[in-house]
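Q: Below: one structure in structure tokens.
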Amino acid sequence: MGRRWRSTLALVLALAWSAQADGNGISRPCQVSLDEQAHSQGSISPFSEGLVMVRVGGKDGYMDTTGKMIIEPQFESAGSFSEGLASVGALVSTDGGRLIIAKGGYIDRTGRIVIPMEFETTSHFSEGRARVQVRAGDKWGYIDKRGEMVIPLRFDEAFSFSEGLAAVRIGYKYGGASPHTGGYIDKAGHMVIPLIFDYVESFSEGLARVRIDGKWGYIDKTGTVVLQPPFDVLAPSFQEGLAIVGRGLRNTKFGYIDKNGQVVVPPEFDYARPFSEGLAVVKIGGKCGYIDRVGNLMIPAKFDEAGSFTEGLAWVKIGTKYGYIDKTGKVVIPPQFDYVQDFTDGLAGVRKADRPGDGYIDKTGRVVIWIP
């Protein structure tokens with residue numbers, strides 16, 4: 001039960017990517033699958049809002065960017081902080097102590113429980129709302145930061161709020177065809193875009209990818225389909241004004257369109273990642289490099305694997321090890337790691353095969369925290 005609660009967010013994300021794959025999603029051959037590595041090796045939690053979850057002696061607590069334990073390990077499971085709160089799980093006794101089950105609630109940055117442990121599944125707060133289930137297999141609803149159920153439990157599937165709206169589904173059956181089950185609600189729970197879509201995704205930069213009557217496209221916040229580009233593959237969202245598109249279901253070639261549907265980077269790459277900090281990872285001839293917004297190759301395709309830029313740096317794989325480059329392509333942290341993550345709050349999670357435990361490095365490559 002505790003494991004089930006802890007994996008809720010990861011499961012939702014995995015299901016979303018699975019649905020995208022079924023509907024011509026974007027493949028990711030240039031990027032190591034951190035989710036898969038985390039599943040097989042145990043994940044390294046990223047910093048969020050200056051704190052990171054750490055597990056000590058079978059319990060979860062929180063550490064700051066200096067390595068100081070701010071919230072002592074005491075929870076069965078814990079998530080990242082978002083909007084000042086973090087979801088945590090604990091074992092709760094019910095029925096006079098005869099039944100011990102795992103329940104989730106929320107803490108503040110001092111570790112104080114501000115929303116009681118009464119939910120079967122929880123998610124991070126986004127725009128003042130968090131998706132929850134009260135019982136296993138129950139419907140989804142939304143709570144506010146007081147723990148009040150402000151949008152009742154009535155959805156078969158629910159996404160986090162983004163740009164004022166949340167994608168939801170009613171009548172959806174996992175694993176089967178569920179036409180016309182998806183729509184969008186506002187923060188009061190009003191259905192502002194009706195249940196007319198076969199599949200829905202969150203809004204990003206004013207648009208959301210949907211499928212209606214078997215066709216993929218993008219809608220605006222009125223629910224109007226504003227783009228149905230003539231490509232076989234459409235990215236889940238626009239980022240920095242551009243979206244990935246692909247031509248061909250086999251040996252797909254990827255490029256980018258703008259919000260008017262105009263091709264700004266022709267589909268000629270074997271792989272493509274969304275733009276981040278002005279650059280995007282693409283695959284050319286079996287190697288990964290970086291292009292700018294008009295398709296110019298700014299960093300040569302010479303890496304075996306590569307990640308998106310965050311906080312000015314991107315991880316890359318050279319040979320058998322991972323390191324980090326800057327936006328000129330210069331290696332600023334030499335390849336030496338067997339597992340890496342993006343930088344958040346100035347630190348990145350890393351692992352070394354010859355050193356037990358997990359570490360966090362700063363942007364010079366210095367180990368700031370190492371947890372054996």
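The values are calculated or read from the model by the stated rules, or taken from the named source; none is laboratory data. Everything quoted here is computed from the prediction, not taken from an experiment. Cβ: placed from backbone, ideal geometry, glycine included. Neighbour counts: every protein chain shown.
Q: Looking at (1) surrounded by fewer than 22 Cβ atoms within 10 Å (Cβ to Cβ); (2) touching a strand residue (DSSP E or B) at 6+ places or on another chain (Cβ under 7 Å); (3) at pLDDT below 95, can you tell me which one ASP144 breaks?
A: (3)
Q: Contact list please: Cβ distance under 7 Å, first residue in the range 353-372 and farther than 16 Å from PRO335 by Cβ and in contact (Cβ under 8 Å) with a residue 60 or more places away in the chain, second residue outside any strand (DSSP E or B) and of a type outside the set (A, V, I, L, M), pairs at least six apart or on different chains.
A: Listed pairs, sorted by first residue: VAL368/GLY67; VAL368/ASP362; ILE369/GLY67.
Q: Look at the range 351-369 and say how many of its residues are modelled with pLDDT of 95 or more and either among the small types (Gly, Ala, Ser) or within 15 Å of MET53 (Cα to Cα) (or both). Even if it seems obvious, please write down each step before you answer.
A: Initial filter on the range 351-369 (modelled with pLDDT of 95 or more): 351-352, 359-369.
Filter once more, keeping what is either among the small types (Gly, Ala, Ser) or within 15 Å of MET53 (Cα to Cα) (or both): 359-360, 365, 369.
Qualifying residue count, the range 351-369: 4.
Q: Would you confirm, using the coordinates I've provided, whether TYR172 is among the aromatic types (Phe, Trp, Tyr), more than 14 Å from ALA188 (Cα to Cα) and modelled with pLDDT under 95? Talk me through it step by step, then tell me what you get.
A: Values: among the aromatic types (Phe, Trp, Tyr): yes; more than 14 Å from ALA188 (Cα to Cα): yes; modelled with pLDDT under 95: yes.
Yes, satisfied.
Q: Would you pick out the residues in the range 279-297 that are assigned to a strand (DSSP E or B) and surrounded by 16 or more Cβ atoms within 10 Å (Cβ to Cβ)? Spell out the reasoning first.
A: Step one: of the range 279-297, the residues assigned to a strand (DSSP E or B) are 279-284, 287-291, 297.
Passing the criteria: LEU279, ALA280, VAL281, VAL282, LYS283, ILE284, LYS287, CYS288, GLY289, TYR290, ILE291.
Q: Could you tell me which residue of the range 248-278 is nearest to ALA301 (Cα to Cα), considering only residues that are hydroxyl-bearing (Ser, Thr, Tyr) and assigned to a strand (DSSP E or B)? Step through it out loud before you land on a result.
A: First, the residues of the range 248-278 that are hydroxyl-bearing (Ser, Thr, Tyr): 252, 256, 271, 276.
Filter once more, keeping what is assigned to a strand (DSSP E or B): 256, 271, 276.
On the way: TYR256: 18, TYR271: 12, SER276: 17 Å.
So the residue we want is TYR271.
Q: I would also like to ask the following. Select, from VAL210, VAL225, the only residue that is modelled with pLDDT of 95 or more, buried (at least 16 other Cβ atoms within 10 Å of the Cβ) and under 30 Å from VAL168 (Cα atoms).
A: Exactly one of VAL210, VAL225 is modelled with pLDDT of 95 or more, buried (at least 16 other Cβ atoms within 10 Å of the Cβ) and under 30 Å from VAL168 (Cα atoms), namely VAL210.
Q: Let me ask something else. When the range 50-82 is examined, which residues are found to be more than 16 Å from the chain's Cα centre (by Cα), part of a loop (DSSP other than H, G, I, E, B) and not basic (Lys, Arg)? Write out each step before concluding.
A: Looking only at the range 50-82, we keep the residues that are more than 16 Å from the chain's Cα centre (by Cα), and these are 50-78.
Those left that are additionally part of a loop (DSSP other than H, G, I, E, B): 50, 57-58, 65-68, 76.
Across the range 50-82, the qualifying residues are GLY50, GLY57, GLY58, THR65, THR66, GLY67, GLU76.
Q: Check THR344, THR310 and return the single one that is under 27 Å from SER80 (Cα atoms), polar (S, T, N, Q), surrounded by 15 or more Cβ atoms within 10 Å (Cβ to Cβ) and touching a residue at least 40 places away in the same chain (Cβ under 8 Å). Break it down into steps so the answer makes sense when it comes.
A: Values: THR310 fails: touching a residue at least 40 places away in the same chain (Cβ under 8 Å).
Result of the check over THR344, THR310: THR344.
Q: What's the total number of residues in the range 184-211 that are in contact with a strand residue (DSSP E or B) (Cβ under 8 Å, 6 or more places away or on another chain), without any contact (Cβ under 8 Å) to a residue 24 or more places away in the chain and not acidic (Asp, Glu)?
A: Quick first cut of the range 184-211, residues in contact with a strand residue (DSSP E or B) (Cβ under 8 Å, 6 or more places away or on another chain) only: 184-189, 191-205, 207-211.
Then drop every residue that is not without any contact (Cβ under 8 Å) to a residue 24 or more places away in the chain, which leaves 186, 191, 197-198.
So of that shortlist, the ones also not acidic (Asp, Glu) come out as 191, 197.
The number of residues fulfilling the criteria is 2.
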